[in-house]
Amino acid sequence: MNVQGEIPVEIIHLYTYDIGRAIDLKKVASLVPAHHDMEFAKRRDTPVSLTLPKPLVLSISTDECDSKCFDKFSAQAKIYEDGAITLIVRYKTMSRFEDLPQKANMLIRDISSANSIEQFAESSFKMVHEALRTAVAGYKELTKNDRETYTAFCLLECPGGDPRAFIDANKDVAASLLSGEPVGTLHMSQIEQILNKPFSYRKDDIAIFDLERCLIIDPAADYDDVIMMAEHANYRLIELRELDFLLDKWLGEAEQDIRRLYLSGNRRKFSDRTLRLKLAQIQGLRFDALFTLENLDNSSKIIGDYFLGSIYHRLCEIFNTDEWKISIERRLNALQNIYELVKNDSTEQRMITLELVFIAVCIIFPILQILQVMLLK
């Protein structure tokens with residue numbers, strides 16, 4: 001701590017995007033100077049069997065960034081095979097504990113005319129997004145709403161030496177930092193709820209998580225694996241959210257099809273070919289959803305009940321991923337059932353038509369032939 005009461009901190013921003021259905025990593029390697037991520041360092045009680053999705057990593061130049069407040073500034077993009085990109089911006093600075101919210105979007109100056117951390121991250125993502133266009137299946141243009149953000153405030157020094165005592169003495173400031181609310185506005189019950197599940201592995205560290213931010217105190221700066229859990233949880237959340245949005249769109253389209261088919265009486269425009277195409281697209285969507293949900297379940301199983309697993313499950317609890325999964329499974333079944341009913345109805349209509357033709361052939365035609373013979377006589 002210096003004479004102004006400032007302590008060394010590292011602030012880490014995670015920006016997670018879903019840019020399409022899949023990314024060809026081999027093609028990515030030919031388009032940009034990306035490399036495979038370093039092997040996950042097994043520390044604490046991390047199981048040897050722990051395996052997570054292996055992205056390609058693209059280092060983003062920060063040489064042109066200029067700010068006297070930074071001790072260290074770096075950025076990289078992680079590119080995942082199933083269509084997600086995580087942009088990670090990290091910087092070290094000095095700050096008083098109560099001033100940390102103002103440090104989250106510090107002023108900078110770089111070659112792309114970005115004048116803040118937020119603008120630097122946005123311009124960096126746009127550059128990566130455009131560079132990967134030909135390697136992405138189902139490429140889509142994104143808005144600011146098509147991303148998940150998460151910020152980690154990491155204190156590299158703990159005043160007093162006891163992290164829990166420090167949090168207890170600064171409850172209001174800590175809870176306000178995690179919730180994004182001004183200091184002094186939260187009720188004590190809300191403060192207790194935000195701070196009620198801290199994680200500690202050693203005597204001198206602590207980590208507390210909330211919906212969009214986490215607070216880590218670790219003088220040893222041994223928190224990269226904890227940040228990876230936060231990144232992984234956000235990565236899974238954006239996949240679930242995008243899948244839920246896609247299902248919303250498909251259910252809206254299914255409603256229009258049903259109204260056109262059964263309420264407007266315009267059944268002819270909904271041909272068998274259109275129905276088969278719809279069912280094929282739904283099956284593709286269903287497989288994507290099943291793989292996403294299976295990967296989410298596997299992550300929970302692989303991480304298990306270890307220290308990192310406890311953090312991961314806490315983040316999933318905060319993000320409410322179980323409810324997302326239930327909602328997606330319910331909508332998938334509803335969407336499948338809608339078009340299966342349409343298919344069955346179409347089949348029944350076809351069978352009725354065939355039965356009428358059969359009746360015409362077996363009954364009406366013989367009668368006509370009998371009448372023809374009688375007339376000839």
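The values are calculated or read from the model by the stated rules, or taken from the named source; none is laboratory data. All of these numbers come straight from a predicted model, not from anything done at the bench. Quick reminder, even Gly has a Cβ in these numbers, built from the backbone with ideal geometry, and neighbours come from all protein chains shown. These accessible areas exclude ligands, DNA and RNA; they are computed on the full protein's heavy atoms, side chains included. Shrake-Rupley method; radii C 1.70, N 1.55, O 1.52, S 1.80 Å.
General observations
- Number of positions in region 213-247 that are surrounded by fewer than 22 Cβ atoms within 10 Å (Cβ to Cβ), part of a helix (DSSP H, G or I) and over 16 Å from the mean Cα position of the chain (by Cα): 2
- For the condition at pLDDT 75 or above and either farther than 23 Å from residue 306 by Cβ or of a type in the set (Lys, Arg) (or both), residue 96 qualifies.
- Condition met for residue 286 (assigned to a helix (DSSP H, G or I), open to solvent by 90 Å² or more (accessible area, probe 1.4 Å), at pLDDT 70 or above and of a type in the set (Lys, Arg)): no
- Options 131, 41: the member that is more than 30 Å from residue 171 (Cα to Cα), open to solvent by 20 Å² or more (accessible area, probe 1.4 Å) and at pLDDT below 90: 41
- Residue list for region 44-65, filter: closer than 29 Å to residue 139 by Cα and either modelled with pLDDT of 80 or more or of a type in the set (D, E, K, R) (or both): 54, 55, 56, 57, 58, 59, 60, 61, 62
- Residue 143, sole failed condition from (1) without any contact (Cβ under 8 Å) to a residue 12 or more places away in the chain; (2) touching a helix residue (DSSP H, G or I) at 6+ places or on another chain (Cβ under 6 Å): (2)
- In region 181-194, the residues that are under 26 Å from the mean Cα position of the chain (by Cα) and either of a type in the set (A, V, I, L, M, F, W, C) or assigned to a loop (DSSP other than H, G, I, E, B) (or both): 181, 194
- Residues of region 195-222 satisfying the condition of being under 29 Å from residue 293 (Cβ atoms) and not basic (Lys, Arg): 199, 207, 208, 209, 210, 211, 212, 214
- Screening region 295-350 for residues that are under 21 Å from the mean Cα position of the chain (by Cα) and acidic (Asp, Glu) and picking the one that is modelled with the lowest pLDDT gives 297.
Residue-wise test of (1) open to solvent by less than 40 Å² (accessible area, probe 1.4 Å); (2) at pLDDT 85 or above; (3) over 23 Å from residue 70 (Cβ atoms); (4) under 21 Å from the mean Cα position of the chain (by Cα).
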{"site": "113", "(1), (2), (3), (4)": "no, no, no, no"}
{"site": "136", "(1), (2), (3), (4)": "yes, yes, yes, yes"}
{"site": "140", "(1), (2), (3), (4)": "no, no, yes, yes"}
{"site": "156", "(1), (2), (3), (4)": "yes, yes, no, no"}
{"site": "161", "(1), (2), (3), (4)": "no, yes, yes, no"}
{"site": "164", "(1), (2), (3), (4)": "no, yes, yes, no"}
{"site": "167", "(1), (2), (3), (4)": "yes, yes, yes, no"}
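- In region 177-196, the condition of being without any contact (Cβ under 8 Å) to a residue 24 or more places away in the chain and among the small types (Gly, Ala, Ser) is met by at least one residue.
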